[in-house]
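S.K.: For reference, the structure I am asking about is given below.
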Amino acid sequence: MDKNQATGLILFAAVILVYSLFFASDPQPVIEPQTTNGSTQVQSNAIETDQDLGQVDNAINDSLSNLAAKQKYGDFSDLVKGQETATVLENENIKITLSNKGGEIQKVEVKGFKTYDQKPLILFDSETGKLDYKINSTQGNLSLNDLYFVVKESSEAVDGVQVSTVTFTANAGSGSIVRKYQLPPTGYELSHKIQGAGLESLISDDVLTINWQSELQRLEEDMGESRRKTYMNFYTADETYDYLSTGEGDDAEQIGEPLKWVAFKQRFFTTGIIAKNQFNSGNLAQETPLDSSFVKNMSATLLLPINGEVSYYFGPNNYKILKNVTPEFDKNVDMGYIFVSWVNKYIIVNLFHWLENFFDNYGVIIILIVFIIKLFLLPLTYKSYIGMAKMRVIKPEIDELKEKYGEDQTKMQQEQMKLFSQLGVSPISGCLPMVLQMPFLLAMFFFFPNSIELRQESFLWAHDLSTYDSILNLPFTIPFYGDHVSLFTLLMTVSQIAYTHFNNQLTTAQGPMKNIGYVMPVVFMFVLNSFPAALSFYYFVSNMVTFGQQYLIKQFVDDDKIRAKVEESKLKNANKKKSKFQMKIEQAMKASENNKTETKKRKGKGK
């Protein structure tokens, strides 16, 4: 038994003893009946005595309660009793409910969005999560959520803009704790200042511990995709971005260095806490529940100096919005790997939002994006076609070399290089333009699955372009395919096979290289079946436009004219000396052949 417990027990015994001496032994009053107008009336002495005893009991209970509160909360004990009331901060984008108990956020609703089943979109709720600021008082660890604050609502000018302000004040002894929230007329950010004054004798240090926990609600129809795209992001004070593991695995990390922000990132929405200066350190964890009641469970414990300032973000994963919140906060939208992210950030996002000014049908916007990008890349497409046409018209010469040199691959390659040089043909001239177009194709692989603009937007038979367009639900699951059939994915596959067949007529590819073009569309049919309908639709339209471009170019490109240019280059380069690059290639090929010959000789001697 510690000192506090012993003291409490002695005081409790003293109260009981006083009660026994002064009240329990009093003689019972004599009750004499009185007759008034022929009826008997009992005097009220006994009733008054019972009332007195009840008041005494209540007083004792209050005294014991106050004593226990004093022992636990010290000078803060007067703040643990009160009536809880709610205060609402609201602008055109979010609605935030605050409580005077703790001066803490209780609920956050994002306006303009609904869940997949058309319910209000709640990003934080105290029933499924907790925000808890704690201080180290002289009595021990103290949660501000146990204290009742005095509320004051006002409006203040910040940078020339009137912002709604709610101030919570708790006075304890000679000190006070003030929590101040400010919300601008628009936007998804809520600023929060916490200030302590005169607390030197009431607290043991100047550090706040923030415990933030949340069971993330299911907001999207596809639970599997939601869990894959839900994970915790964080950014350190030394400008390093990192995240806990993606997918459905559990993960935890203790961050010993200062942090700038932490975010619970879901597929289309993010809740984040951002320090004006920095958090001293943090413990982060996430886990995936076994059932489908929640997407993931997130928790973060952060250390912040008293008199610190933070801001919260409760809103959509819109790249243009997030990049203006704080450095690297736009990482909560996955724009892809570095070699394709620049396409999304600087071209696709801006093009997409520009088209939104003129069209409200996102299927039409996707079609227009395809046409604009294809028009922009048309010179590369034309160059690719000409390169393939040149390889096609010199195919007879290549076939002759194959017949002449047969199995001698080294000699065959040397003569091919010489032939290409004489005819002014580059074997990569048809491939290089296609490679330069790849970043645009891959960029879409990241843009459409993460574009909140497409969320719950319908087009043709697709009720939501941000998820798959199932036209048939299967009673079984096909491995790597799923339990449904996506029509846009089927159309994309058929168009890709048709384009491959048309393209094979324009190239000199043979054998496996010629047939692999038919295998890849089938592979992508399995891969993309559960991807957003917008992505499959984009690839389908892109295939059809490319097919049309190739067909039109073919009508204007004459193989005879190309052959004439090849012959002209042949005459011009008849006496042309080999370039240094060509000589180095030939030397490397000869060295490789010599190594093979030496290896065969050594093996022969070994036998």
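The values are calculated or read from the model by the stated rules, or taken from the named source; none is laboratory data. Small disclaimer: the values here were computed from a predicted structure and weren't measured. Cβ atoms come from the backbone with ideal geometry, glycine included; neighbour counts cover every protein chain shown. Only protein heavy atoms, including side chains, enter the accessible area calculation; ligands, DNA and RNA are left aside. Shrake-Rupley method; radii C 1.70, N 1.55, O 1.52, S 1.80 Å.
S.K.: Can you tell me how many residues in segment 170-208 are over 18 Å from Glu104 (Cβ atoms) and among the charged types (D, E, K, R)?
M.R.: Total satisfying the criteria: 3.
S.K.: Every residue in segment 298-339 that is of a type in the set (Phe, Trp, Tyr), under 19 Å from Glu92 (Cα atoms) and touching a helix residue (DSSP H, G or I) at 6+ places or on another chain (Cβ under 9 Å), please.
M.R.: Matches in segment 298-339: Tyr313 only.
S.K.: Among the residues that make up segment 231-241, is at least one of them of a type in the set (D, E, K, R), out of contact with any helix residue (DSSP H, G or I) (no Cβ under 6 Å at 6 or more places or on another chain) and either surrounded by fewer than 18 Cβ atoms within 10 Å (Cβ to Cβ) or at negative phi (or both)? Step through it out loud before you land on a result.
M.R.: Taking segment 231-241 and keeping what is of a type in the set (D, E, K, R), we get 238-239.
After this cut, where a residue has to be out of contact with any helix residue (DSSP H, G or I) (no Cβ under 6 Å at 6 or more places or on another chain) as well, the list is 238-239.
From the residues that got through so far, the ones that are either surrounded by fewer than 18 Cβ atoms within 10 Å (Cβ to Cβ) or at negative phi (or both) too are 238-239.
Yes, there is a match, as at least one residue in segment 231-241 is of a type in the set (D, E, K, R), out of contact with any helix residue (DSSP H, G or I) (no Cβ under 6 Å at 6 or more places or on another chain) and either surrounded by fewer than 18 Cβ atoms within 10 Å (Cβ to Cβ) or at negative phi (or both).
S.K.: Additional query: Evaluate the following for Val178: is it out of contact with any Lys or Arg (no Cβ under 7 Å at 6 or more places or on another chain), part of a strand (DSSP E or B) and at pLDDT 95 or above?
M.R.: Numbers: out of contact with any Lys or Arg (no Cβ under 7 Å at 6 or more places or on another chain): yes; part of a strand (DSSP E or B): yes; at pLDDT 95 or above: no.
So Val178 fails the test.
S.K.: In the list Glu153, Glu109, Glu92, which residue meets the criterion of being open to solvent by 30 Å² or more (accessible area, probe 1.4 Å) and outside any strand (DSSP E or B)? It would help to see each step written out before you state the result.
M.R.: Numbers: Glu153 fails: outside any strand (DSSP E or B); Glu109 fails: outside any strand (DSSP E or B).
Checking each option against the conditions leaves just Glu92.
S.K.: Report the residue count in segment 142-170 for those that are free of Cβ contacts under 8 Å to residues at least 12 places away in the same chain and among the polar types (S, T, N, Q). Spell out how you get there, then give the answer.
M.R.: At the first step, the residues of segment 142-170 found to be free of Cβ contacts under 8 Å to residues at least 12 places away in the same chain are 155, 157, 159-160.
If we keep only those that are among the polar types (S, T, N, Q) too, we end up with 155.
Matching residues across segment 142-170 total 1.
S.K.: With Lys345, Lys418 as the choices, which residue is modelled with pLDDT of 75 or more and open to solvent by 40 Å² or more (accessible area, probe 1.4 Å)?
M.R.: Matching residue, one of Lys345, Lys418: Lys345.
S.K.: OK, next. Checking the conditions here, which among Lys331, Lys320 is under 16 Å from the mean Cα position of the chain (by Cα) and surrounded by fewer than 18 Cβ atoms within 10 Å (Cβ to Cβ)?
M.R.: Lys320
S.K.: Considering only segment 344-365, state which residues are in contact with a Leu (Cβ under 7 Å, 6 or more places away or on another chain) and in contact (Cβ under 8 Å) with a residue 24 or more places away in the chain.
M.R.: Within segment 344-365, Tyr362, Gly363 meet the criteria.
S.K.: Report the residue count in segment 156-179 for those that are buried (at least 17 other Cβ atoms within 10 Å of the Cβ), within 19 Å of Leu89 (Cα to Cα) and of a type in the set (A, V, I, L, M).
M.R.: Number satisfying all stated conditions: 3.
S.K.: In addition: Taking the condition of being open to solvent by less than 40 Å² (accessible area, probe 1.4 Å) and at positive phi, how many residues in segment 112-150 meet it?
M.R.: Result for segment 112-150: 1.
S.K.: Next question, about the same structure. Which residues, taken from segment 480-502, are within 15 Å of Val523 (Cα to Cα) and either basic (Lys, Arg) or open to solvent by 90 Å² or more (accessible area, probe 1.4 Å) (or both)?
M.R.: Phe480, Val494, listed by residue number.
S.K.: Pick out the one residue from Val340, Val310, Val295 that is modelled with pLDDT under 90 and among the aliphatic types (A, V, I, L, M). Give the steps one after another, and end with the answer.
M.R.: Values: Val310 fails: modelled with pLDDT under 90; Val295 fails: modelled with pLDDT under 90.
Result: Val340 is the single residue among Val340, Val310, Val295 that is modelled with pLDDT under 90 and among the aliphatic types (A, V, I, L, M).
S.K.: Also, I was wondering about something else. For Leu79, indicate whether it is under 27 Å from Ser137 (Cα atoms), in contact (Cβ under 8 Å) with a residue 40 or more places away in the chain, surrounded by 16 or more Cβ atoms within 10 Å (Cβ to Cβ) and in contact with a helix residue (DSSP H, G or I) (Cβ under 9 Å, 6 or more places away or on another chain).
M.R.: When the stated conditions are applied, Leu79 passes them.
S.K.: Looking at segment 108-133, I want the residues that are over 23 Å from Asn91 (Cβ atoms) and in contact (Cβ under 8 Å) with a residue 40 or more places away in the chain and have a partner that is surrounded by 19 or more Cβ atoms within 10 Å (Cβ to Cβ) and of a type in the set (Asp, Glu) with Cβ atoms under 7 Å, at least 6 apart or on another chain. Which pairs are those?
M.R.: Pairs that qualify, where the first residue is over 23 Å from Asn91 (Cβ atoms) and in contact (Cβ under 8 Å) with a residue 40 or more places away in the chain and the partner is surrounded by 19 or more Cβ atoms within 10 Å (Cβ to Cβ) and of a type in the set (Asp, Glu), are Tyr116/Glu220.
S.K.: Okay, next question. What about Met513, is it open to solvent by 70 Å² or more (accessible area, probe 1.4 Å) and either under 25 Å from the mean Cα position of the chain (by Cα) or modelled with pLDDT of 90 or more (or both)?
M.R.: Considered against the rule, which asks whether it is open to solvent by 70 Å² or more (accessible area, probe 1.4 Å) and either under 25 Å from the mean Cα position of the chain (by Cα) or modelled with pLDDT of 90 or more (or both), Met513 comes out as no.
For (1) out of contact with any Asp or Glu (no Cβ under 7 Å at 6 or more places or on another chain); (2) within 19 Å of Gln278 (Cβ to Cβ); (3) of a type outside the set (A, V, I, L, M, F, W, C), each residue gets a yes or a no:
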{"position": "Val166", "(1), (2), (3)": "no, no, no"}
{"position": "Lys193", "(1), (2), (3)": "no, yes, yes"}
{"position": "Asp205", "(1), (2), (3)": "yes, yes, yes"}
{"position": "Ser214", "(1), (2), (3)": "yes, no, yes"}
{"position": "Glu220", "(1), (2), (3)": "yes, no, yes"}
{"position": "Arg227", "(1), (2), (3)": "no, no, yes"}
{"position": "Thr230", "(1), (2), (3)": "yes, no, yes"}
{"position": "Thr236", "(1), (2), (3)": "no, yes, yes"}
{"position": "Leu244", "(1), (2), (3)": "no, no, no"}
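S.K.: Can you spot a residue in segment 246-256 that is of a type in the set (Ser, Thr, Tyr) and without any contact (Cβ under 8 Å) to a residue 12 or more places away in the chain? Can you show your working first?
M.R.: Filtering segment 246-256 for residues of a type in the set (Ser, Thr, Tyr) gives 246.
Pick out the ones that are also without any contact (Cβ under 8 Å) to a residue 12 or more places away in the chain and you get none.
Checking segment 246-256: not a single residue is of a type in the set (Ser, Thr, Tyr) and without any contact (Cβ under 8 Å) to a residue 12 or more places away in the chain.
S.K.: Turning to a different aspect of this structure: Answer yes or no as to whether Leu190 is open to solvent by less than 30 Å² (accessible area, probe 1.4 Å), in a loop (DSSP other than H, G, I, E, B) and touching a strand residue (DSSP E or B) at 6+ places or on another chain (Cβ under 6 Å).
M.R.: No.
S.K.: So which of Thr240, Thr230 ends up being within 14 Å of Arg267 (Cα to Cα) and modelled with pLDDT of 90 or more? Give the steps one after another, and end with the answer.
M.R.: Values: Thr240 fails: within 14 Å of Arg267 (Cα to Cα).
Only one candidate passes the filter, namely Thr230.
S.K.: Here's something else I'd like to know. For Thr507, only one of the following conditions fails: (1) modelled with pLDDT of 85 or more; (2) among the polar types (S, T, N, Q); (3) part of a loop (DSSP other than H, G, I, E, B). What is its number?
M.R.: Answer for Thr507: the failing condition is (1).
S.K.: What strands (runs of 3 or more DSSP E), lying completely within segment 216-313, carry at least 1 residues that are of a type in the set (A, V, I, L, M)? First the steps, then the outcome.
M.R.: On the way: elements: 231-236, 241-243, 251-255, 259-265, 269-279, 282-287, 297-305.
Counting at least 1 such residues, we get 231-236, 251-255, 259-265, 269-279, 282-287, 297-305.
S.K.: If I ask for residues that are surrounded by 11 or more Cβ atoms within 10 Å (Cβ to Cβ) and either modelled with pLDDT of 85 or more or closer than 30 Å to Leu491 by Cα (or both), which ones from segment 553-573 would you list?
M.R.: Ile553, Lys554, Val557 - these are the residues of segment 553-573 that are surrounded by 11 or more Cβ atoms within 10 Å (Cβ to Cβ) and either modelled with pLDDT of 85 or more or closer than 30 Å to Leu491 by Cα (or both).
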